[in-house]
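Scroll down for the structure; my scribbles are underneath it.
Read-outs throughout are calculated quantities, based only on the coordinates presented, and are distinct from any laboratory measurement. Because the structure is a prediction, the values reported are computed rather than measured. All Cβ positions, glycine included, derive from the backbone under ideal geometry; neighbour counts span all protein chains shown.
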């Protein structure tokens, strides 16, 4: 709810200068965390319209307003933002991205692709334009092609975490789990302090479903459990992996059972004050009675 | 197959649309709790949707939390006794995604855990417009049976969504606080304090009658 309290701060003040500052700060917050909230951005656009500031934060806020307008197909606001940016900065790749986006929201993907290609010819080092090309392919349901374009892009921009993440999700959509696992491993190498990437890697291996993959999934789940025990997803993943491994005769029953009981115990602790505890108890009990009969 | 009539309770329809609108740029799915009643001659089946449990919005169908969510939904339905897990819904991330073959995997997953899955609702994204009062109902309904292809239900056989419910839904969708406080099972799995059953929204929807 922090986002709402920040939004309210922008609307409650009557002092003009303070309102401008808070609005620009709020827009910077949204940009920093890549949050897409047109319902919160659009009510603050009048503040930008009435302001004559020439700071980088202001122009970034106008650009964000353009994206919010695109999200709700508000063409008049979108055109206002683009015109304002063009008057100030002239023709540049960021404006071209907005022009391309305008074609995309009108579902004219050919025109959008042409804009991006022309812009890339002048500015070949702009990652955002390549990403828009991938977005167009996804919109056209051409996920295989989107994966190819993204892989080509990543050969040049190989430290772009966001793109590796997108590649994981594209491969998951295509049910290409081995490729998704490779992309997830690249994410781990790029940012080993992000526990979510380890969990994603574990879940992909769970989906592969072979004995070796499930053992790998279990190892990674255990590692994430060590650092993030208060997240139900981690514990549920460990439960599922142990349950799946129990169907293999070569799996170590003792370790599997111990890990299953570990996950069950921590799930019960997590939900001990919740009215939802009964459902978790039954989920855990039902699964264990089937799999761990002595 | 007998003719089918679908009746919506307010909180189920409101939560369904909130799930679509909150994660407008991603695919979402969930399940319905409700009852199925047959007429004496077995020629009419009335499906009453009492509740909507929003499940996932991240990397469907490879999301393991979907499996857990469906099992927990089944347990919740059993605990309530008077409802069962009767169907599921899906909204694709693309503008033109509204075909049943895109959600076959969801019906299979739900059917693995319950025999009563009879209803599949898919969002017709082209009809999800800002003014929901003037738009047609943005949903396509399919009757599902194991081993058979999903059969689309004609809208004149369904209970029309009354204007009062559309107006009520619009109020919820426009309320920023309520939208921010709405969560699905994926959100709950990352932050356990998020109530994926959205009980506060259910009680609000009853209060605004």
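Computed from label points 7 Å out along Cα-Cβ, the spacing between residue A:185 and residue A:277 is 4.3 nm. Ranking of B:109, A:258 by neighbouring Cβ atoms within 10 Å, starting from the fewest: A:258, B:109.
Protection proxy ranking for B:42-51, B:27-36, using the average of other Cβ atoms within 10 Å per residue and placing the highest first: B:27-36, B:42-51. Taking a ≥ b ≥ c as the square roots of the eigenvalues of the alpha-carbon gyration tensor, the stretch A:195-294 is classed oblate because a/c is 1.5 or more while a/b is no larger than b/c.
Helix-only estimate, please: 222 nm mean residue ellipticity of the protein assembly as shown, summing -39500 (n - 2.57) across DSSP H runs of length 4 or more and dividing by its residues, to the nearest 500. Provide the component values of the computation, followed by the final result.
Working: 24 runs with 300 residues, N = 503.
About -18500 deg cm²/dmol.
In this rough spin-label picture, where each label sits 7 Å from Cα along the Cβ direction, the residue A:175-residue A:140 distance is 2.5 nm.
For the segment B:64-72, counting C-beta atoms of other chains within 10 Å of every residue's C-beta and taking the mean gives 5.
Residue separation of residue A:57 and residue A:249 scaled by 0.36 nm, minus their Cα-Cα distance, works out to 63.1 nm of gained length.
At R0 = 25 Å, how high is the FRET efficiency between residue A:33 and residue B:177 if r is their beta carbon distance? Nearest 0.05 is fine.
Working: r = 19 Å, r/R0 = 0.77.
FRET efficiency, residue A:33 to residue B:177: 0.85.
In peptide B:53-59, what is the residue-averaged number of other protein chain Cβ atoms found within 10 Å of each Cβ? Write down the numbers at each step before the final one.
Values: counts 0, 0, 0, 0, 0, 5, 11.
If you average over the peptide's residues, the count of other-chain Cβ atoms is 2.
Can you tell me the 0 to 90 degree angle between the C-alpha axis of helix A:253-270 and the longest principal axis of chain A, rounded to 10? Approximately 50 degrees, to the nearest ten.
Entry note: the stretch A:157-199 has Rg to Rh equal to 0.95, where both radii use alpha-carbon atoms and Rh is the Kirkwood radius.
With a Förster radius of 30 Å applied to the C-beta separation of residue B:145 and residue B:165, the computed FRET efficiency comes to 0.60. Is the shape of the stretch A:105-186 best called rounded, prolate or oblate, per the rule: a/c under 1.5 gives rounded, else a/b larger than b/c gives prolate, else oblate, with a ≥ b ≥ c the square roots of the Cα gyration tensor eigenvalues? The shape class here is oblate.
Compared with the dominant principal axis of the Cα atoms in chain A, helix A:93-105 is inclined by about 70°.
Hey, what did chain A get for relative contact order, percent, Cα under 8 Å, at least 6 apart?
Working: 272 pairs, mean separation 20.3, N = 294.
It rounds to 7 percent for chain A.
Once C-alpha pairs closer than 8 Å and six or more residues apart are averaged by separation and normalised to the residue number of the stretch B:35-108, the relative contact order reads 23 percent. Between helix A:232-245 and chain A there is an angle of about 40 degrees, using the helix long axis and the longest principal axis of the Cα atoms. For residue A:128 and residue A:4, the FRET efficiency from 1/(1 + (r/R0)^6), where r spans their Cβ atoms and R0 equals 35 Å, is about 0.75. Listed from fewest to most Cβ neighbours within 10 Å, the set B:190, B:149 follows the order B:149, B:190.
If the convex hull of the alpha-carbon atoms of chain B is projected onto planes in all directions, what is the mean projected area in square nanometres?
11.3 nm²
Between residue A:156 and residue A:75, the simple label model (points 7 Å from Cα in the Cβ direction) yields a spacing of 3.3 nm. For the pair residue A:117 and residue A:228, the difference between a 0.36 nm per residue extended length and the Cα-Cα distance amounts to 35.6 nm.
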